[in-house]
Amino acid sequence: MYKYFLFFILINFAIDSNAQNISTLTEKQIAVKNKQILQKNSWFKKYPIQNVGPSVMGGRVVDIEVNPTNTNEFYVAYASNGVYKTTNNGQNFVPIFDNQSRITVGDIALSTSNPSIIWVGTGENNSSRSSYAGMGVYKSENAGKTWEFCGLENTQHIGRIITHPNNEKIAFVASIGALYSKNEERGVYKTIDGGKTWKKTLFINDSTGVIDMAIHPKNPNLIWACAWERSRKSNQFKEGGQGSGLYFSENGGENWTKVQNELPQGSYVGRMGIAISESNPEILYIVLDNQEKIKEEKKEKTTDANKAFTEAKIKGCEVYISTNTGKNWKKINQNALEGVFYTYGYYFGQIRINPSNANHIYLFGVPFLKSIDGGKTYKSIAKFSKVHPDHHALWINPKNENHFILGNDGGAYMSYDGGKSYSHLNNTPAGQFYTVTTDNEKPYNIYGGLQDNGTFKGSSKSAPDDTKAWEMISWGDGMYVQVNPENAKIYYSGYQFGNYARSINGKSKNITPKNIPTLKTLRFNWRTPLLMSKHNADVLYMCCQAVLKSKNQGKDWEKISDDLTLDLPQGNVPFSTISAFSESPLDKNILYVGTDDGLVWVTKNGGKNWEKIIKSLPKGRWVSSLFASNTDKNTVFLSLNGYRNDEITTYIYKSTDRGENWINIKGNLPDESVNILIEDNEKSGFLYCGTDEGAYLSIDDGKNWQVLTGDFPNVATYDMCIQAREKELVLATHGRSIFVMDLKPLYELTPKNLEKDIILYPIQNLKWNKDWGKQYDYEEIDEPSIKIKFFLPKNKEKVNLIIKNKDNKIIYQTAIKTAIGFDTFFWNGKNIDNQYITKDKYTIEIENEKIILEVIE
């Protein structure tokens with residue numbers, strides 16, 4: 001049926017002359033290689049996919065590094081958005097770390113002896129729900145123009161990179177290791193040849209990594225490393241352990257000893273951060289997350305896992321100081337630092353020292369604190385009303401301590417007056433979206449929930465850096481949004497763990513179910529499914545461990561299922577919850593449910609009876625999405641996700657009998673964790689898939705997949721939807737905000753058209769302008785830019801473009817260098833005599849296909 005696929009498959013199995021023998025590659029390398037082949041041969045290398053922002057809220061920053069010889073040049077690293085560079089003090093940024101297989105970042109470092117050398121450690125170090133694993137270490141020797149892979153691919157999450165003060169070939173990498181599983185690729189790694197080879201010099205155990213390091217600025221033989229034992233599971237987060245502690249080397253990181261003096265020891269020691277004073281290196285500070293519980297009056301044990309975690313009474317944030325180069329330590333904070341870490345010190349745990357004054361220290365947590373008395377007392381210098389909370393990065397100008405750049409969950413902020421005022425450097429689309437939907441306004445609006453930045457609404461026509469085009473409509477960690485298709489002033493939005501509200505004409509009312517018979521405690525997923533019925537906009541579905549239904553906009557709720565989970569024992573993270581839900585748009589009685597503990601269900605009678613449909617599916621995988629077909633009521637699509645098992649495998653399925661049997665539709669997809677799988681509104685067989693590393697589409701029911709590339713980066717894609725009227729795909733990324741892709745050209749990829757040599761797309765009439773060719777010395781020339789769009793079903797090195805006037809005379813011709821897929825040739829309207837075209841009809845011809853261009857008054 002599709003002859004071009006034979007060519008495509010042959011390309012996929014071709015191995016270029018620079019490739020390693022496939023038998024020598026690891027599973028990760030094979031997945032990366034497969035993706036590189038897909039990218040090389042993608043139809044979409046030149047296809048326009050528009051980023052529409054938003055940038056106004058920023059996104060999670062994990063590190064900031066500044067060129068010490070030019071403070072107008074600096075780098076901002078994002079948790080899931082790569083690395084950005086500015087050369088004009090933040091007026092604008094450009095991405096410089098886009099083409100790697102994963103653009104999640106844990107730490108970056110500029111070589112102390114050569115700031116043109118940049119090290120990037122991939123894999124976020126904050127250990128949150130969406131802290132993606134990386135692919136090791138990269139290095140640039142030309143300030144980010146080009147990158148070289150330096151290995152350590154199995155470290156997964158990198159806490160810190162430090163460089164030798166005098167030798168650019170020597171660097172140290174602190175690996176935290178895998179987040180959800182045990183592995184031995186953790187500890188301290190050292191290179192003495194610029195990253196060509198590595199030696200692991202510190203290893204504690206397969207559950208303990210190294211989160212932070214410090215090196216003596218004058219005696220680089222003295223190095224400190226903060227070890228952290230932590231383990232995250234779907235239902236439990238262990239934030240500390242016996243392996244945690246401070247380690248010291250006095251021979252350049254070759255050998256290490258654990259520091260026992262005066263520092264906490266034991267299973268309750270959590271994340272630690274360390275800093276050494278540049279002006280007085282005898283002084284070091286440590287910030288420590290002390291998970292030791294504080295004795296309190298006995299109270300009834302809660303069955304709410306989230307409450308058990310957030311309401312636990314622990315010692316929390318503590319600060320220690322050494323004034324003799326780490327020989328002895330003492331706790332320095334006079335008062336308990338409550339409200340800094342709360343119970344989630346795993347998300348913070350860093351400390352900084354003013355380069356010119358060792359008594360001035362800065363502490364990261366929910367607030368941003370400064371001490372001017374060596375850590376005894378603290379003051380907040382970033383009001384929540386002016387600066388986003390949850391801080392992770394800081395650069396302090398060594399020549400002016402009032403000038404610093406702060407990084408947090410809301411992006412980067414700059415201050416020149418010690419924190420009295422801030423400029424928000426929010427000109428980069430870095431939003432970490434969880435969900436997306438649209439309304440039917442003209443132009444339509446896009447709605448989506450973001451990590452720690454609430455829920456936003458904005459125009460589908462907005463520019464990526466337009467901070468006024470988007471507005472916040474609810475706060476918290478934004479989750480699902482549902483908008484009445486007939487009246488956009490009625491919508492539902494909310495935040496984590498099932499907290500939703502109804503908004504009508506700007507007035508909001510909480511609709512979260514409270515008391516449901518036979519359910520003692522409602523277990524809500526972090527991203528609780530909320531769905532408005534496609535058959536009746538007043539009907540809502542909301543899921544906990546059971547399915548709840550409201551027939552009156554959320555005023556009242558009824559339970560239409562029993563507990564559909566395995567009801568596993570609860571830890572300190574809510575689990576055994578419903579994670580995915582779908583209603584058939586063709587039959588209101590057909591509903592599908594998926595759970596985070598691996599179950600899938602269907603009801604064919606509106607919830608009266610439920611059938612388990614997990615035959616032949618992998619067991620125990622998180623159900624990340626379900627999608628009831630728009631074109632056939634018996635068809636449903638399913639994606640499973642092994643992220644929480646540190647399993648990077650593609651699980652996507654189709655059933656044509658309501659889940660009785662499942663067909664694997666992975667096709668030629670590389671192994672990546674899948675977040676979302678949807679079907680086109682109109683075209684049966686057109687599928688769209690979002691993974692932790694990008695987005696893909698198929699036009700043949702998943703037999704073959706194309707990767708979105710070019711304008712679309714290798715960024716985690718969490719959710720997708722189609723705006724039916726405009727025939728546009730809206731993609732919500734967890735790091736690059738929102739993208740919009742026109743689907744209409746794809747709909748022309750019919751079997752008949754794919755037999756042609758070329759598909760040439762119609763062109764809009766062009767309005768003639770008498771000023772074409774006019775140019776002032778201070779402006780670019782005024783001339784048309786005529787877009788000639790086409791699609792090549794087969795690979796060709798070039799095609800011939802011929803343009804004729806109404807008398808069939810050739811007025812312009814050229815050979816266009818091409819490749820398989822979509823392409824656009826931009827013609828400036830000049831003929832072979834170097835004159836601009838006039839009002840007339842012109843025939844544009846490529847490979848015997850013709851279209852008409854009309855130039856009108």
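The values are calculated or read from the model by the stated rules, or taken from the named source; none is laboratory data. This is a predicted model, so every value here is computed, not measured. Cβ atoms come from the backbone with ideal geometry, glycine included; neighbour counts cover every protein chain shown. Protein only, heavy atoms only, side chains kept; ligands, DNA and RNA dropped before computing areas. Shrake-Rupley method; radii C 1.70, N 1.55, O 1.52, S 1.80 Å.
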>> As a test of the formula, what do you get for the chain when each DSSP H run with n ≥ 4 contributes -39,500 (n - 2.57) and the sum is divided by the residue count, at 222 nm and rounded to the nearest 500 deg cm²/dmol?
In response: -1000 deg cm²/dmol
> Over the stretch 511-558, what relative contact order in percent results from Cα pairs under 8 Å that are six or more residues apart?
Replying inline: 31 percent
>> What whole-number distance in Å separates the alpha-carbon centres of the stretch 69-127 and the stretch 325-377?
In response: 25 Å
>> Once R0 is set to 41 Å, what does the formula 1/(1 + (r/R0)^6) return for the Cβ-Cβ distance between Asn800 and Asp657, expressed as a FRET efficiency to the nearest 0.05?
In response: 0.25
> So, by mean Cβ neighbours within 10 angstrom, what's the order for 259-267, 750-758 with the highest one leading?
Replying inline: 259-267, 750-758
> Any idea which of Tyr47, Val105, Tyr84 is furthest toward the positive side of the dipole for the chain, if Lys and Arg beta-carbons carry +1 and Asp and Glu beta-carbons -1?
Replying inline: Val105
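How much length would be gained if the chain were fully extended between Glu262 and Glu849, taking 0.36 nm per residue of separation minus their Cα-Cα distance, in nm to one decimal?
Value of the extension gain: 203.3 nm.
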> Which one of Pro784, Val602, Gln265 is farthest out on the positive end of the charge dipole of the chain, using unit charges on Cβ (Lys, Arg +1; Asp, Glu -1) and the Cα centre as origin?
Replying inline: Val602
>> Positive end of the dipole of the stretch 408-529, charges at C-beta (+1 Lys, Arg; -1 Asp, Glu), about the Cα centre: which of Val436, Gly494, Ala412 has its Cα farthest in that direction?
In response: Gly494
> Measuring with a 1.4 Å probe in the full set of protein chains, what accessible area per residue, in whole Å², belongs to the chain?
Replying inline: 41 Å²
>> Given Cβ point charges of +1 (Lys, Arg) and -1 (Asp, Glu) and nothing else, what value in debye, to the nearest 20, does the dipole of the chain about its Cα centre take?
In response: 1160 debye
> Given charges of +1 on the Cβ of Lys and Arg and -1 on the Cβ of Asp and Glu, with all other atoms neutral, how large is the dipole of the stretch 113-205 about its Cα centre, in debye to the nearest 20?
Replying inline: 160 debye
>> I want the local charge near Asn261. Using Cβ-Cβ distances under 11 Å, sum +1 for each Lys or Arg and -1 for each Asp or Glu among the other residues.
In response: +2
> Here are some values of mean projected area of the Cα convex hull in nm²: (i) 38.1; (ii) 35.6; (iii) 41.7. Which one was computed from this structure?
Replying inline: (i)
>> Can you order the peptides 344-357, 806-819 by their average number of other Cβ atoms within 10 Å per residue, highest first?
In response: 344-357, 806-819
> Using the alpha-carbon atoms, what tilt in degrees (0 to 90, nearest 10) does helix 27-40 show relative to the longest principal axis of the chain?
Replying inline: 30 degrees
>> For the chain, what does the relative contact order come out to in percent, with C-alpha contacts under 8 Å and a separation of six or more?
In response: 9 percent
> Using alpha carbons only, how many degrees (0 to 90, rounded to 10) separate the axis of helix 4-13 from the longest principal axis of the chain?
Replying inline: 30 degrees
> For Tyr776 and Asp807, FRET efficiency with R0 = 35 Å and r from the beta-carbon atoms, rounded to 0.05?
Replying inline: 0.50
> Mind listing which trypsin sites (Lys or Arg not before Pro) in the stretch 710-751 are in a DSSP loop and have 15 or fewer other Cβ atoms within 10 Å?
Replying inline: Arg725
> Rounded to the nearest 10 Å², what accessible area does His535 show when all protein chains are kept and the probe is 1.4 Å?
Replying inline: 80 Å²
>> Please compute the contact order of the stretch 163-205 in relative form: average sequence separation of alpha-carbon pairs under 8 Å and at least six residues apart, divided by the residue count, as a percent.
In response: 34 percent
> In the full protein assembly as shown, how much of Cys721 is accessible to a 1.4 Å probe, in Å² to the nearest 10?
Replying inline: 20 Å²
> Where does each of 396-409, 629-642, 597-610, 48-61 land if you order them by average Cβ count within 10 Å, highest first?
Replying inline: 48-61, 629-642, 396-409, 597-610
> Tell me, what % of the accessible area of the chain is carbon and sulfur with a 1.4 angstrom probe?
Replying inline: 46 percent
